[in-house]
Amino acid sequence: MIVTQSLVNEIFRAFHMQRWNDRLRPVELIEMDKHAHKMITAYCLAKYEEADGKDVEWHNLIKGGIYELLRRIIISDIKSPIYAEIKKDKKVFAKLNEFVFNELDAKIESEEIMSEIHDFLFDDTWGDKLYQRILEASHIYATYWEFQIIKQSNPFQYQKSLLETDLSNRVDTYRDLIGIKKIRNREPVDGFLDMTGQMRFQYRWAQIPRTPNTAVLGHSLLVASIAYFFARENDACDRRLYNDFFGGLFHDLPEAVTRDIISPVKRSSTEFDDLISKLEKELAQKEIYPLIEKDWIKEIEYFTHNEFDNKVIVDGVLKKDLRVQDINDNYNTNDYNPIDGKLIRAADHLSAFLEAYNSIKAGISTEELIGACVKLKEKYKDRTFGKTSVKQIYSSFVL
């Protein structure tokens, strides 16, 4: 079993991590949101390189993104220039990573995952491979994007111009990547990253007091990470891992143009739910798809239309209404392009449970939050999805 209470609680900690906390901030800038924006950027950069005939190593890109988030959670808020200097001293950096590994080893039960994290932390060749350079470029770009907010709110000139020049130059060191060149030239994909970045300003549970506040963008990465680990529990093939992670990351993409419509409102009537789905598709055609490459649209639709259905492609025909075990037994190969919508939905619900549960434990509790926790625990008390025992995860949380 990979997904445990200690693992999901550790990932959730990224919602507590404030960024740029030595600057005036018009909005909270949170590590989880920044990392989600980074992974959306990485998706775009990698798609361009793949279209150019290069081998991206998608699974390693996903693992690198998640494991770097775990490292950042452990080391907390070390300023980027300081962290860069630490990395130059291999002996000191190795000691830091040894500390990170020991902290994570106490929280992650899977020996396989810990072995991968060890390889990630102590890889002396990091940065040599394409997927690694994509992650580095995406990390710097997401930081630079945040800085555009910060500089508007800080009239003080101390270090501001130097910082902007440094970040801009660091982004430009990756201009050999097609996507970075397009972003810097303000081509449409830059607008797509602006749109998705703004999802960090859309707070979930907007009418309910709680802590920490979580945005749609960060929530999407939490869902993606949990769905990925669920897929690992089911021995998913590479394409299935890719689909489950990016399906989770983009499952709320339509909310970039509709904003967050809470589930009870969506379910208030079948007619209303159908209308929202229709509007989401129309607005996606009008506002989202013009910002991405035409070759990506079919895949984004696969992620966002009926996003919680298990799906495969058999002889060019979409097949739905499958159990996770059906995919495990019959369609767990790249040729079928499998995606576990039900695992993504289970990850979505677990993410919502964590949002409510952590607020209650922090002392901000309402009837709505308690009710949500009780309802979700009841919903999943007997549920398994293939090899994933969701009921075991929920049973470990005590209200």
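Points to keep in mind about this one:
- Among the numbered conditions (1) more than 25 Å from M199 (Cα to Cα); (2) open to solvent by less than 70 Å² (accessible area, probe 1.4 Å), the only one that Y67 does not meet is (1).
- Once the range 97-110 is narrowed to residues that are outside any helix (DSSP H, G or I) and not small (G, A, S), the residue that is least open to solvent (accessible area, probe 1.4 Å) is I108.
- Scanning the range 59-71 turns up no residue that is outside any helix (DSSP H, G or I), modelled with pLDDT of 95 or more and not β-branched (V, I, T).
- Only a single criterion out of (1) touching a Cys at 6+ places or on another chain (Cβ under 8 Å); (2) at positive phi; (3) not small (G, A, S) is not satisfied by Q159, namely (1).
- A single entry from D119, D128, D124 fulfils the requirement of being farther than 18 Å from K38 by Cα, touching a helix residue (DSSP H, G or I) at 6+ places or on another chain (Cβ under 8 Å) and exposed (fewer than 13 other Cβ atoms within 10 Å of the Cβ): D124.
- Residue check: M114 meets all listed conditions (1) among the hydrophobic types (A, V, I, L, M, F, W, C); (2) modelled with pLDDT under 95; (3) surrounded by fewer than 16 Cβ atoms within 10 Å (Cβ to Cβ) but one, namely (2).
- Within the range 18-52, considering residues that are of a type outside the set (D, E, K, R) and open to solvent by 30 Å² or more (accessible area, probe 1.4 Å), the one nearest to F353 (Cα to Cα): Q18
- Residue match in the range 15-23 (condition: at pLDDT 95 or above, of a type in the set (D, E, K, R) and under 18 Å from the mean Cα position of the chain (by Cα)): no
- Tabulated pairs, the range 48-69, first free of Cβ contacts under 8 Å to residues at least 60 places away in the same chain, second in a helix (DSSP H, G or I) and open to solvent by less than 70 Å² (accessible area, probe 1.4 Å), C-beta under 6 angstrom, 6+ apart or interchain: Y67/I117; Y67/F120
- Residue check for K294: out of contact with any helix residue (DSSP H, G or I) (no Cβ under 9 Å at 6 or more places or on another chain), charged (D, E, K, R), under 22 Å from A51 (Cα atoms) and open to solvent by 60 Å² or more (accessible area, probe 1.4 Å): yes
- You will find that of A137, A84, A94, the residue that is more than 25 Å from H59 (Cα to Cα), assigned to a helix (DSSP H, G or I) and of a type outside the set (K, R) is A84 and no other.
- Criterion violated by P264 - all others in (1) under 27 Å from T384 (Cα atoms); (2) modelled with pLDDT of 95 or more satisfied: (2)
- Considering only residues in the range 83-94 that are over 17 Å from E136 (Cβ atoms) and open to solvent by 100 Å² or more (accessible area, probe 1.4 Å), the one that is modelled with the lowest pLDDT turns out to be K90.
- Selection within the range 290-323 - on the phi > 0 side of the Ramachandran plot and free of Cβ contacts under 8 Å to residues at least 24 places away in the same chain: D315, G316, D321
- I134 being under 30 Å from I108 (Cα atoms), modelled with pLDDT of 95 or more and among the β-branched types (V, I, T): yes
The values are calculated or read from the model by the stated rules, or taken from the named source; none is laboratory data. All figures in this text were calculated on a predicted structure; none of them were measured in a lab. Cβ: placed from backbone, ideal geometry, glycine included. Neighbour counts: every protein chain shown. For the accessible areas, the whole protein counts, side chains as well, though only heavy atoms, and no ligand, DNA or RNA atoms are used. Shrake-Rupley method; radii C 1.70, N 1.55, O 1.52, S 1.80 Å.
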